[in-house]
């Protein structure tokens, strides 16, 4: 059995119908997709990745496409879809557009936000919070060597703590200014762990910060 070594943690059958909308196909979004695919997402559920951006040379050290994709200026979602097909032999649904939260299609019930700016997160949250199809939101933030993860069960949790987090960042660098591969890979691991816990109804933190440079968490 393909997922024999994680039977007690998570199997594709656990994910039946728990579709995922991943917002952002950059360094963090690509790492999250890689993590989810290896966990078994996309077998019994759908993964949709939405991003309007295209592959650029300065993205190569931390993002999940090839130099040839830069030469062709391919959409990031298209390059990620090819990566998914190659690495875990699964199709994702790429949407080359800016995610707004007002999409006509049904979203989620799991939505992962991996965008560059706080302002964009605020706009997305204003629309998502009023929808009845989104049940679990994970907001992943990474800059330089600091990761922040926020998780909201929209059916059970108070939304006040998350909304306060949209008022400021725990670190100075914006996601696009400085980042290194181990930061986004670490963030993706945290995202995968939190989603696994939510799916299996285990306990998980609603928010935490990890600093890779100083090796502390909060």
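The values are calculated or read from the model by the stated rules, or taken from the named source; none is laboratory data. If you're wondering where the values come from, they're calculated on a predicted model, not measured in any experiment. Please note: Cβ atoms are built from the backbone with ideal geometry, for glycine as well, and neighbour counts cover all protein chains shown.
Of the residues that sit in region 117-143 and are part of a strand (DSSP E or B) and out of contact with any helix residue (DSSP H, G or I) (no Cβ under 7 Å at 6 or more places or on another chain), which one is surrounded by the fewest Cβ atoms within 10 Å (Cβ to Cβ)?
Within region 117-143, the match that is surrounded by the fewest Cβ atoms within 10 Å (Cβ to Cβ) is 143.
For region 144-161, enumerate the residues that are part of a helix (DSSP H, G or I) and without any contact (Cβ under 8 Å) to a residue 40 or more places away in the chain.
Of everything in region 144-161, just one residue is part of a helix (DSSP H, G or I) and without any contact (Cβ under 8 Å) to a residue 40 or more places away in the chain, namely 160.
State yes or no: is residue 158 exposed (fewer than 14 other Cβ atoms within 10 Å of the Cβ) and either in contact with a strand residue (DSSP E or B) (Cβ under 6 Å, 6 or more places away or on another chain) or under 30 Å from residue 58 (Cβ atoms) (or both)?
Considered against the rule, which asks whether it is exposed (fewer than 14 other Cβ atoms within 10 Å of the Cβ) and either in contact with a strand residue (DSSP E or B) (Cβ under 6 Å, 6 or more places away or on another chain) or under 30 Å from residue 58 (Cβ atoms) (or both), residue 158 comes out as no.
Run residue 112 past the list (1) outside any loop (DSSP other than H, G, I, E, B); (2) surrounded by 15 or more Cβ atoms within 10 Å (Cβ to Cβ); (3) in contact (Cβ under 8 Å) with a residue 24 or more places away in the chain; (4) over 15 Å from the mean Cα position of the chain (by Cα) and report the number of the one that doesn't hold.
Result: residue 112 passes all but (4).
To keep it simple, each residue is scored yes or no on (1) under 17 Å from the mean Cα position of the chain (by Cα); (2) modelled with pLDDT of 95 or more; (3) at positive phi.
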{"residue": "179", "(1), (2), (3)": "yes, no, no"}
{"residue": "185", "(1), (2), (3)": "yes, yes, no"}
{"residue": "195", "(1), (2), (3)": "yes, yes, no"}
{"residue": "200", "(1), (2), (3)": "no, yes, no"}
{"residue": "203", "(1), (2), (3)": "no, yes, no"}
{"residue": "206", "(1), (2), (3)": "yes, yes, no"}
{"residue": "213", "(1), (2), (3)": "no, no, no"}
{"residue": "216", "(1), (2), (3)": "no, no, no"}
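Checking the conditions here, which among 60, 15, 28, 7 is more than 16 Å from the chain's Cα centre (by Cα) and crowded, with 19+ Cβ neighbours inside 10 Å?
Testing whether each residue is more than 16 Å from the chain's Cα centre (by Cα) and crowded, with 19+ Cβ neighbours inside 10 Å leaves just 15.
Kindly provide the set of residues from region 63-101 that are surrounded by 14 or more Cβ atoms within 10 Å (Cβ to Cβ) and in a helix (DSSP H, G or I), ordered by number.
Within region 63-101, 69, 70, 76, 77, 78, 79, 80, 81, 82, 83, 84, 88 meet the criteria.
From 82, 91, 57, grab the single residue that is modelled with pLDDT of 90 or more, farther than 25 Å from residue 107 by Cα and out of contact with any strand residue (DSSP E or B) (no Cβ under 8 Å at 6 or more places or on another chain).
Going through 82, 91, 57 in turn, the sole match is 57.
Output the residues belonging to region 31-44 that are surrounded by fewer than 23 Cβ atoms within 10 Å (Cβ to Cβ) and not in a helix (DSSP H, G or I).
40, 42, 43, 44
In region 46-57, what residues are in a loop (DSSP other than H, G, I, E, B) and surrounded by fewer than 20 Cβ atoms within 10 Å (Cβ to Cβ)?
Residues satisfying the conditions are 46, 52, 53, 56.
Exactly one of these conditions fails for residue 22: (1) surrounded by 22 or more Cβ atoms within 10 Å (Cβ to Cβ); (2) out of contact with any helix residue (DSSP H, G or I) (no Cβ under 6 Å at 6 or more places or on another chain); (3) not in a helix (DSSP H, G or I). Give me its number.
(2)
Which residues, counting only those in region 189-205, are surrounded by 15 or more Cβ atoms within 10 Å (Cβ to Cβ) and touching a strand residue (DSSP E or B) at 6+ places or on another chain (Cβ under 8 Å)?
If the condition is that a residue be surrounded by 15 or more Cβ atoms within 10 Å (Cβ to Cβ) and touching a strand residue (DSSP E or B) at 6+ places or on another chain (Cβ under 8 Å), then 190, 191, 194, 195, 198, 204 are the ones that fit.
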